[in-house]
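Okay, so here's the structure we're looking at.
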Amino acid sequence: MQQGMERVDAVLVPYSGAALRHRFLPLAESAIWFAPFLAFSLAFLVLPAAGLVAGSTEGLHGPTLRYLAQLLQPQYLMAYESSIELSAVTAVLGGIVGVLLSWAVVAGRIPRLFRSTLLTFSGVASNFAGVPLAFAFTSTLGPVGMVTLLLARFGLNLYRDGFTLFGFAGLVLTYLYFQIPLMVLLITPALEHATRWSEAAANLGASTAAYWWHVGLPILRLPLLGAMLLLFGSGFGAYATAYALTSGMINLVPILIGQEMIGNVVYSPALGDALAVGMIVVMAGVFLGLRLVQRGTRA
């Protein structure tokens, strides 16, 4: 009889009140902390994306895939190609220069005042875009800009030599103004973390090359890939800067979306939604590629 009671107790103990609270309380706490993130994701990621997909398939006589199929036309494919090229170039150049500046601040023997100044300027410049940025570059490097006229006095005529601020090269230069500071802000904490490990490696007798190969690069790999992805997304979705600088004459996807939504030339909100869905697909593909690279390097 006693053995039977012990067996019943052994079965019922995992389902007692204290055991249930001990098992499910961490899950409830995690759900409470996860709820704001879930609400934010639904409100600003899932629902807008679903709205774009629904809008891109909405026709006059019911659901249609005609607008999504139009993305395969040459003019739209060229727009995606130009946008991806512009974003990739500015992400790579901005990433390289940003890492060098950040490394100079973290590991270089420079005055502490310069570090504070650079980080403060990066915080301001990374958010300085749109019409004000286009106006600033036009006043500086436009055909009658201050720097253009100054260089002309020394015999260097930028526009006669083939440079133009209102083309692809001008957009790259303008985008770098906010891409480089953004990279500085993103990568500085990771470099500061890596320098702490370098001191430990040096104390253990590791050379500089051994540290970077076995410790530094593995530590910085994920932050660098993540920062480059953010830079790519920042350049890929920029609209106001390119539109204000080129008056909408360059073939970029955000400019095409604006034209379809505003209706200056044509008016087709469904096609604009389809173009936005294509941008989501491109960003998802880039993110998936980075994830595959991360898994490959871990293996």
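Odds and ends about this structure:
- 16 Å cut-off, amide nitrogen to a point 7 angstrom out along ARG153 Cα→Cβ, residues in the stretch 123-142: 140-141
- The stretch 103-150: Rg to Rh, with Rh as the Kirkwood radius over Cα pairs: 1.18
- ALA209-PHE44 pseudo-label distance in nm [points 7 Å out on the Cα-to-Cβ vector]: 4.6 nm
- From the coordinates shown, Cα extents along the principal axes in Å corresponds to which of (1) 67, 43, 32; (2) 50, 43, 39; (3) 105, 72, 33: (3)
- Computed from Cα atoms, the angle from the helix 131-141 axis to the main principal axis of the chain rounds to 40 degrees.
- Checking every one of the chymotrypsin sites (Phe, Trp or Tyr not before Pro) in the stretch 102-143 against DSSP loop status and a limit of 16 other Cβ atoms within 10 Å picks out PHE128.
- Estimated 222 nm signal from helices in the chain, with DSSP H stretches of n ≥ 4 weighted -39500 (n - 2.57), rounded to 500: -25000 deg cm²/dmol
- Distant-in-sequence amide H partners of GLU58 (H built 1.01 Å from N, under 5 Å): THR64
- Sorting LEU119, LEU292 from the fewest to the most surrounding beta carbons within 10 angstrom yields LEU292, LEU119.
- On Cα atoms only, tilt of 112-125 relative to the major axis of the chain in degrees: 80 degrees
- Kirkwood estimate for the stretch 103-193, i.e. one over the average of 1/r between Cα atoms, Å: 15.0 Å
- A straight line joining the Cα centroids of the stretch 33-77 and the stretch 166-191 runs 29 Å.
Throughout, read-outs are computed from the coordinates displayed, never taken from laboratory work. Please read these numbers as outputs of a predicted model, since none were measured by experiment. Reconstructed Cβ throughout: ideal geometry from the backbone, glycine too, with neighbour counts over all protein chains shown.
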